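Colleague: Structure below; questions to follow.
The values are calculated or read from the model by the stated rules, or taken from the named source; none is laboratory data. What you are looking at is a predicted structure, and each value in this text was computed from that prediction instead of being measured. Virtual Cβ from ideal backbone geometry, glycine too; neighbours counted across all protein chains shown. Accessible surface is based on the protein model in full, side chains and every heavy atom, while ligands, DNA and RNA are left aside. Shrake-Rupley method; radii C 1.70, N 1.55, O 1.52, S 1.80 Å.
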Amino acid sequence: MGRRGKLSMGCGTCRKRKIRCDETEPECRQCINAGWMCPRYDDLKDRLFQNRTVADFSSSVGPDAEKIPAVEYLRAGPLQQDAMHHSPSLSPPPHIIQPVTNRAIDLFLASHVPRDKVFIRGCFEYLPDFRASHSRNLGFSASLNAVALAAYGNTVQSTKILIQARSYLGVAIRRINKALMSPDEAIKDSTIISIMLLATFETITCRNQKSLQDCDMHTKGATAIIEMRGRQQLQSLLGMQLFVQMCGDISRGCLQRSVRVPSGVLAARSHAATLMGHLDTAWHLGDMIIEVAEFRANVKEGVFRTPGTVIKAAQDLDAQLYDLAISVPTEHSFKISQPHCNERLVWGGFYHVYPSFWAAYFWNNLRTCRILLHQEICRQAEMITVQKQDQLVLSRNLVRQLGIDICATVPQYSGVLPLLVPHNSMAKPPPELLPGSSSTGSDDHRRWIVDRARDIGRSTGIHQAFALADVLEKQEKIHIWED
């Protein structure tokens, strides 16, 4: 942070007014009190893949990279746990914390890294190998320790472990800030991976809507660095893995906010597709997420002239998503099962069993796109009810069914699958009724989702689930998704 008497690199007020950081300014005072760099990414956001074309992207990092201003990088705020502001003397001695760190990392890798043999998933699949070859990179190691200990500390509800996670966080931030002072260090794989890990740290420690916004700051920082790397980043497997992960984060963020994916991202993705060879269903789903984001931006900006044209465009996109769903390889398909016990952990009388967390993640992204399309169809059809009554009923039913299908993934996400099938029990046949037909009112459904979200938060240590539960319980809008 720009401390008193120094020009802040992150504080928008100080920089724009060309004054030195002073605590009389509200933004500066907030920075000083927090003890962190002002969490502004104004300059990064302004440069973020703006007005980039395929031709622009073809150039790699050159002499102009030296002119890029150094960007101070840091976390957007303190952790939510009050006890984490206590004296560091509460932390466990080193001979105890090291084994805990190793265990935390093992659990983090088991929970967040796909176990199949596909090389490019966009889900930290590179972490085990990168950890083995870069164990002496202090910035990367500190970032991995911070995120793993935060998840583990949340799961076991240990303040001491969370304090240790925060101490590693401080080391990681200092190392990243130092790396960003050098154009050569800023574009290294280790720098980008460290920033992406700290984005995950924000997700793990997120507890409210304000911290939901903080989660985006690290992704924006890494995105600007990926732009600096240019085409050269796609020449290695690791570079491609990092790009796919970042591109996925950007595209989903645009989908949530109803904005277009930046042209520079599209240019990079187009070039990456030429290097990929076989493009699997996951890549095609990425294309569809980008198209649905474009559609939502067009609706938001009033590009469509009539409700009918909106409905037709949404139907066309939904047909492509349906075709993609029925073409998913069998190794990523799921089974529909009924619980033998603990029925309260299941909504609608059934649940899904996936071959991996990644497969469930893929299917839920696809379902989310279809839900957003049919919600828009419902809004438009309500304006012309006489002509579109059948379509309105169909879309409402699809939104309800797709939502129940997402709920069917919850038992696997929360780790309760063994509780639904006692040992040596006979398998039940698939349900004959329409899935979800046993559901009751929307209030009961919301209560179930809130309870399960908090279960996920407790079992995984990802506290963003608590933020989601609070938003749903209070029936709030997520303000950061409304530009």
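Colleague: Of the heavy-atom accessible surface of region 307-378 (probe 1.4 angstrom), what whole percent is carbon and sulfur?
Modeller: Working: 1720 of 2970 Å².
Carbon plus sulfur share of accessible area: 58 percent.
Colleague: How much length is gained on full extension from ALA325 to ASP184, taking 0.36 nm per residue of separation minus their Cα-Cα distance?
Modeller: Numbers: separation 141, 0.36 × 141 = 50.76 nm, distance 4.25 nm.
Contour length minus the Cα-Cα distance gives 46.5 nm.
Colleague: For region 223-293, what percent of Cα pairs sit more than 20 Å apart? Intermediate values should be presented prior to the final figure.
Modeller: On the way: 584 of 2485 pairs.
Tail of P(r) above 20 Å: 24 percent of Cα pairs.
Colleague: Could you state the number of Å between the C-alpha centres of region 164-186 and region 97-158?
Modeller: Their Cα centres are 17 Å away from one another.
Colleague: Related question: Ignoring ligands, DNA and RNA, what accessible area per residue does region 243-300 give at 1.4 Å, in Å²? Kindly include the intermediate steps, with their values, before the conclusion.
Modeller: Values: 2030 Å² over 58 residues.
It amounts to 35 Å² per residue over region 243-300.
Colleague: Using 0.36 nm times the number of residues separating ASN397 and GLN338, minus their current alpha carbon distance, what extension gain do you get? Write down the numbers at each step before the final one.
Modeller: Details: separation 59, 0.36 × 59 = 21.24 nm, distance 2.17 nm.
Full extension from ASN397 to GLN338 adds 19.1 nm.
Colleague: FRET efficiency for ASP444 and LEU275, Cβ-Cβ distance as r, R0 = 51 Å, nearest 0.05? Each step should come with its number before you reach the end.
Modeller: On the way: r = 49 Å, r/R0 = 0.97.
That gives a FRET efficiency of 0.55.
Colleague: Provide the net charge surrounding THR101, with neighbours chosen by a C-beta distance below 15 Å and charges set as Lys +1, Arg +1, Asp -1, Glu -1.
Modeller: Cβ neighbours under 15 Å give a net charge of +3.
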